[in-house]
Amino acid sequence: MPSERPTFDLVVAANRLPVDKVVTDDGEVEWRRSPGGLVTAMESVMRSQPGAWVGWAGDAGEAPDPFDEDGIHLHPVALSADEIRDYYEGFSNDTLWPIYHDVIVPATFHREWWAAYRAVNERFARAIAEVAAEGARVWVQDYQLQLVPMLVRQLRPDVRIGWFNHIPFPPVELFAQLPWRAQLLEGLLGADFLGFQRQADARNFVRACRQLLGAPTKRDRVTVEGTQRQVRAAAIPISVDFQGLEQLAKRPDVMARAREIRESLGNPKVLMLGVDRLDYTKGIRHRLKAYEELLSERRLGPPEVTLVQVATPSRERVEAYRMLRAEIEQTVGRINGDLGQIGAPAVHYLHHSYPREEMAALFQAADVMLVTPLRDGMNLVAKEYVTCRHDLGGALVLSEFTGAWHELHQAFACNPHDIEGLKQTILRAINTPAKDKQRIMKALRRRVADHDVQRWAARYLAALDAAPEQPRPDPRGRPTPHAEDTPLMPSPTEQLRAAGESGSSRSRSRS
Ligand code: GDG
């Protein structure tokens, strides 16, 4: 058991630490808290008990020494430039991301990417084992760290392990394409509790365990064969910091900025807004197509109507993202060329990231918010929009393929694949009488206010604590056998033993 280092009763592990490195003018290194919902949720939990956060600090090469920031102990994990390419951009974002999002673009499989994913997951597990106190709660985040639950269990059978998936979990028919499907499932089954955005995601996971591992399942539980261990998989949808964001949106300078934005756009009758990471899952192309058709059919048109599309730069070293960017920018150019007017472009396209204040002002300025993903774990933008509309103005067009839609049923629902239907929904969102839209907005806001991110974190940890006491694995760390079939690939235990063999795996690679 470690050592002179401090240990913690709550350990969060995520691909990234919740801070960004900033080098000041005089060359000093500072760490600035990145303002995500997860950090806010953790702040609320870590206020009552000190906690540690294990994650990558964002630069290639050696990791900085552990440090404390605003009451959280930050424990950086190193990634080499090759690992950023193979584990992060490769396996996480070009293998898992497309498979988990309905294969909107084809997934790429490379055995050396898998080897890097395994090696990095193992490094995370060791770092967690180092900072976790006896009997600690370990909360692992997201698809980049799916082997971590089992690896931590092997190193530290005394801790309680949870994992939360921020993105969808795919139907077994898609998941089964992964050459490493069995290892991923076994990695996750190292947890005591697995949290998902939707019930359908949890069900997909349970079904994958039954069909691909032959594991016995009952309702939301999977029994890990040979150990009698039971793992529960359930939906606990993530949310936003309702109070904090609403307060920001009520600030006089933010409200004044919202008015200024409308003025600078020529006070259009209808301002439509899209805010997304520039990702093929977000349905930006479908949104632009529907908008372009509405304009060319003269059912809408500038200067009365305009669209602001914020497309935050994302994963620009992955080919599918470079192609998407080129396509979106070409489409915006065509729409403006064909349908814009002098001083009144049809689309204001912004490939930037903005401060939170500006986002809150944009949300308040927009009459119609277009959230049209083809598949999205949750989509926090939808919840942020309604949070900012304390004036009960605005209308939310929301894709049925987002996790958010399962909570925000009153929104103007759309199927983004159905361009004709999407056009009708946009027109409905514009033309519904203000009184009815206010009633809808009130209901949406109530839902988000009652189910904010603090409640999400509290519910998650309560579910983790309530997970059944587990018979602990054989201390000799023997791999868990499959129920009926022989393992398709070595189990994580065997992978752990085989660590260091990545050279031979590289030579077997398909690429
Ligand atoms: C993953 C899942 C799930 C965007 N541009 C700017 C900016 N943003 C903020 C938004 C929002 C966040 O980024 C994006 O969150 P989403 O939920 O929409 O999408 P992903 O990034 O894909 O997140 C998703 C989420 O994890 C949480 O579980 O909902 O399904 O894919 O908060 O406001 N923020 C600022 N400037 C920008 O330019 N400040």
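The values are calculated or read from the model by the stated rules, or taken from the named source; none is laboratory data. Predicted model only: the values in this text are computed from it and were never measured. Glycine also receives a Cβ, built like all others from the backbone with ideal geometry; neighbour counts cover every protein chain displayed.
Quick notes
- Criterion applied to Glu186, Glu246 was being buried (at least 17 other Cβ atoms within 10 Å of the Cβ), over 30 Å from Gln364 (Cα atoms) and either of a type in the set (D, E, K, R) or in contact (Cβ under 8 Å) with a residue 60 or more places away in the chain (or both), and the one residue passing it is Glu186.
- Residue list for the stretch 428-461, restricted to those being under 17 Å from Ile236 (Cβ atoms) and not aromatic (Phe, Trp, Tyr): Arg447, Val448, Asp450, His451, Asp452, Val453, Gln454, Arg455, Ala457, Ala458, Arg459, Leu461
- Evaluation of Thr108 against the conditions (1) among the polar types (S, T, N, Q); (2) within 14 Å of the ligand (Cβ to nearest atom); (3) free of Cβ contacts under 8 Å to residues at least 24 places away in the same chain shows that the sole unmet condition is (2).
- Whichever residue in the stretch 299-353 is free of Cβ contacts under 8 Å to residues at least 24 places away in the same chain and in a loop (DSSP other than H, G, I, E, B) and, among such residues, is surrounded by the most Cβ atoms within 10 Å (Cβ to Cβ): Glu316
- Phe164 vs. criteria within 14 Å of Val12 (Cα to Cα) and either surrounded by 24 or more Cβ atoms within 10 Å (Cβ to Cβ) or at pLDDT 95 or above (or both): yes
- Unmet requirement for Arg428, which otherwise passes all of (1) more than 15 Å from Met272 (Cβ to Cβ); (2) among the charged types (D, E, K, R); (3) out of contact with any helix residue (DSSP H, G or I) (no Cβ under 6 Å at 6 or more places or on another chain): (1)
- Residue count, the stretch 381-395 (criterion: charged (D, E, K, R) and farther than 17 Å from Ala434 by Cβ): 2
- Each residue in the stretch 42-94 was checked for being in contact with a Phe, Trp or Tyr (Cβ under 6 Å, 6 or more places away or on another chain) and in a helix (DSSP H, G or I), and 4 of them qualify.
- Within the stretch 148-186, the residues that satisfy the criterion of being among the aliphatic types (A, V, I, L, M), over 22 Å from Ala463 (Cβ atoms) and not in a helix (DSSP H, G or I) are Ala176, Leu178.
- Pick from the stretch 13-28, criterion out of contact with any helix residue (DSSP H, G or I) (no Cβ under 6 Å at 6 or more places or on another chain) and in contact (Cβ under 8 Å) with a residue 12 or more places away in the chain, ranking: nearest to Tyr460 (Cα to Cα): Ala14
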